[in-house]
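Laboratory data are not the source of any read-out in this text; all were calculated from the coordinates shown. Just so we're clear, the structure is a prediction, and the values are computed from it rather than from any experiment. Positions of Cβ are backbone-derived with ideal geometry, glycine not excepted, and every protein chain shown enters the neighbour counts.
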Amino acid sequence: MKIGIGIDTHKLIDGDHLILAGVRISCGKSILAHSDGDIVYHAIADGIYGCLSMGDIGDHFPDSDPLNKDLDSSKIINHAVELVFSSGFNINNIDVVILLQSPKISKYKDEMKENISKLTKCSNKNINIKASTNENMGFVGEGKGISCHALISIK
């Protein structure tokens, strides 16, 4: 068994939606990013790369490459998962924490888990998503940013 952690943090800007784990959430904010800004998929992919000792997203999908501009982050997950399988492993479980003051995401968690399960071939019962607001403190609490932490185990 191997374990990896992934963390992705971005600035929030005025916009009309967030994309979290492939779910479009309508609100007055967007994530400032080179790709589509799906920090959940980014954190999971980085955790997978960590499990495999294969660097991070920047090594595989550099933001200096114009082909990665506005990239659908499911492609990043697919790449990481292919590396898991080709290395003789399967994803055992995924634990995700999203730090975001607003909007509340509880009603989107099941859809997020389903999307993650489909992409990673990890059982839905082995995927957990938690959210925290940072209690109005720091850049997350002030609504200026969003962060996601993901812990992944493979076996």
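A few points about this structure:
- Average Cα contact separation per residue, the stretch 55-147, under 8 Å, 6 or more apart, as relative contact order %: 30 percent
- Counting other Cβ atoms within 10 Å as a rough exposure proxy, the listed residues I13, I154 run I13, I154 from fewest neighbours to most.
- Projecting the Cα atoms of I31, S147, P62 onto the charge dipole of the chain, computed from C-beta unit charges around the Cα centre, puts S147 farthest toward the positive end.
- Summary value for the chain: 33 percent relative contact order, contacts being C-alpha pairs under 8 angstrom separated by 6+ residues.
- Overall, the stretch 2-154 carries a charge dipole of about 520 debye about its Cα centre when +1 sits on the Cβ of Lys and Arg and -1 on the Cβ of Asp and Glu, all other atoms neutral.
- Computed from point charges on the beta carbon alone (+1 for Lys and Arg, -1 for Asp and Glu), the dipole magnitude for the stretch 1-46 about its Cα centre is near 120 Debye.
- Label zone of K118 (point 7 Å out along Cα→Cβ, amide N under 20 Å): in the stretch 23-41 this covers 23-26, 36-41.
- Spin-label zone in the stretch 2-22 - amide nitrogen under 14 Å from a point set 7 Å from the Cα of N126 along the C-beta vector: 2-4
- Counting neighbouring Cβ atoms within 10 Å and putting the fewest first, the residues M112, M1 line up as M1, M112.
- Per-residue Cβ neighbour rank within 10 angstrom, fewest leading, F61, F139, F85: F85, F139, F61
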